[in-house]
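J.: One structure is given below, represented as structure tokens, and several questions about it will come after.
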Amino acid sequence: MSDDLSPDLRRRLSDARQQHLADLYDAAASAHRGALGDDIRGLDLDLVARLVDRFVHADEAAADLGEIRPPAAIPIPRTPAQREAERAAAAEGERFVRDGRLALVLLAGGQGSRLGFDGPKGDFPYGPVTGKTLFRQHACRVAALRARYGADLPLYVLTSPANDVETRASWEAAGHFGLDPTSVTFVVQGTLPAVDRATGRVLVESPDRLALSPDGHGGLLMALRNAGALDAMEAAGITTFFTFQVDNPLIRVANPAFIGYHLAAGAEMSNLAVRKHEPAERVGVIAEIGGRTGVVEYTNLPDELAERRDARGDLELWAGNIATHLVEVAFAQRLTDGGLHLPFHKAVKKVPHVDDPDPAEPNAVKFETFIFDALPQARASVTVEVPRETDFSPIKNAHGSDSPESCRRDGNRLYAAWLEHAGVAVPRDEAGEPAADLEIDPRLALDADELAARIGPEVRILGPTALGPLG
Ligand code: UTP
């Protein structure tokens, strides 16, 4: 019987206190050994040992936040001067995009466990009228931006080993939603094992698989680097990429004012923020922490800080992070030189495994890195506030807030406002909400002004309505 776990690997497994994996391999049926051996060989055992020491055995506490204040953000323009500044920034941003200096990065490597949808989250059919998927929405927006700016705007889609094959297959089956297939690159992020919460031993999902999960959206940086994408961007004269999340269909991708502000500040990484609507809202907050811009995850923000109010009675730490960033390619190169320079976080979760397929209590520790942890390392950074109603309606949960229902409501409200701006009468119910579901394809209009230029008051809304490209 061939033994393809080398003596060196067996020694390293033992040193990393993961001897049980060699025992499991030896006891495995030969049909299971191929995949199991691959999973075991794929582990970064030194890293696993370090993470287990820090987060399982020592249970490292979250770092003390120290002095924390709201960020010096660029507000939603309210005064003529602010509006003028926004117009100037947008003009710079548009020029930059037209010059072919921007790439787009769609984060779609997550597991979507809260939504409970079977398949890549991007395949979720969220469109209330057409049933279009999140992937289709984003791809149509990319097509519209390319047409508007006459720019290549190459798209990188971050997947994970758990959804990569299915994601590529769904783009393939949809003809890449009309995008040139050579302009879309799939990049697979890495994985990290889930370990038993009490012992730190790597969990085994099935006889031929370890319990591996994506290494967090911070894995994006290493994935882009390892796939040669950062070098390809540089070779194409691209200096900056815009990252956005698959589960937020409203996001104004390549927002030109955001780009303009980022450029003007010579920033290496910048953020969009929305005003938190309640202290307990489950979004991270962007803040100045010890004098540097950073993000505190909601799980690490003490209630006392989350609830603190300023003299006007507004939340002091108001800047909700919507995980939409501009990142300089050179900064991403620096962060990944000789390995990923981001801190790890732990999450205690229920992870089914061979000895307990349905754990009653959280039994495992998972490890992740977060893209926003790069912020404190940026030489300069800008935070720009955007209205929630135009930019943020994520689909995280199956029901309630941040769910398909809330996203449908927010989409209806936004598109109703655009239609009314174009002079179209939108029937509303007694609560003032649009009486029918509405969808506007990004290829028809990316914003209210564009819609008003394309259609007029002759459009009648008689029931659920989806407006698509004309002609
Ligand atoms: P979330 O962590 O909010 O969502 O990721 P999720 O992982 O999809 O779902 P849950 O937490 O299991 O319910 C926010 C965004 O970051 C991407 C997701 O695809 C989503 O666009 N992401 C997250 C990655 O690309 N990789 C990861 O490892 C984690």
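The values are calculated or read from the model by the stated rules, or taken from the named source; none is laboratory data. As the structure is a computational prediction, the values presented were derived from the model and not from experiment. Positions of Cβ are backbone-derived with ideal geometry, glycine not excepted, and every protein chain shown enters the neighbour counts. Accessible surface areas use protein heavy atoms only, side chains included; no ligands, DNA or RNA. Shrake-Rupley method; radii C 1.70, N 1.55, O 1.52, S 1.80 Å.
J.: Please go through segment 290-329 and give me each residue that is within 19 Å of the chain's Cα centre (by Cα) and among the aliphatic types (A, V, I, L, M), ordered by number.
T.: Result: V295, V296, A319, I322, A323, L326, V327, V329.
J.: Does A435 meet the test of being under 28 Å from R146 (Cα atoms) and among the aliphatic types (A, V, I, L, M)?
T.: No: the conditions fail for A435.
J.: For E67, all conditions in the list (1) at pLDDT 95 or above; (2) away from the ligand (no atom under 16 Å from the Cβ) hold save one; what is the number of the exception?
T.: Exception for E67: condition (1).
J.: Just to be sure before I move on: is A194 in contact with a Pro (Cβ under 6 Å, 6 or more places away or on another chain), touching a residue at least 40 places away in the same chain (Cβ under 8 Å) and either among the small types (G, A, S) or farther than 23 Å from F392 by Cβ (or both) in the structure I sent?
T.: no
J.: Is it fair to say R282 is more than 20 Å from G190 (Cα to Cα), within 16 Å of the ligand (Cβ to nearest atom) and open to solvent by 20 Å² or more (accessible area, probe 1.4 Å)?
T.: So R282 passes the test.
J.: When segment 76-103 is examined, which residues are found to be under 23 Å from the mean Cα position of the chain (by Cα) and either part of a helix (DSSP H, G or I) or exposed (fewer than 11 other Cβ atoms within 10 Å of the Cβ) (or both)?
T.: Across segment 76-103, the qualifying residues are G93, V97.
J.: Considering only segment 255-268, state which residues are in a loop (DSSP other than H, G, I, E, B) and open to solvent by less than 10 Å² (accessible area, probe 1.4 Å).
T.: Within segment 255-268, A267 is the sole residue that qualifies.
J.: Restricting to segment 7-51, what's the tally of residues that are open to solvent by 50 Å² or more (accessible area, probe 1.4 Å) and either free of Cβ contacts under 8 Å to residues at least 12 places away in the same chain or charged (D, E, K, R) (or both)?
T.: 17
J.: Of V253, V195, V187, V202, which residue is closer than 30 Å to L438 by Cα and modelled with pLDDT of 95 or more?
T.: V253
J.: While we're on this one: Of everything in segment 105-137, what is surrounded by 22 or more Cβ atoms within 10 Å (Cβ to Cβ) and aliphatic (A, V, I, L, M)? Give them in sequence order.
T.: V105, L106, L107, A108, L134
J.: Let me ask something else about it. Could you go through segment 437-446 and let me know if any residue there is loosely packed, with under 15 Cβ neighbours inside 10 Å, part of a loop (DSSP other than H, G, I, E, B) and not β-branched (V, I, T).
T.: No: zero hits.
J.: Here is a follow-up. Looking at A223, A267, A287 in this structure, which one is within 16 Å of the ligand (Cβ to nearest atom) and either within 19 Å of the chain's Cα centre (by Cα) or more than 30 Å from D355 (Cβ to Cβ) (or both)?
T.: A223 is the lone residue from the list that is within 16 Å of the ligand (Cβ to nearest atom) and either within 19 Å of the chain's Cα centre (by Cα) or more than 30 Å from D355 (Cβ to Cβ) (or both).
J.: Kindly provide the set of residues from segment 107-137 that are in a helix (DSSP H, G or I) and touching a Ser or Thr at 6+ places or on another chain (Cβ under 9 Å), ordered by number.
T.: Those that are in a helix (DSSP H, G or I) and touching a Ser or Thr at 6+ places or on another chain (Cβ under 9 Å): G122, D123, F135, R136.
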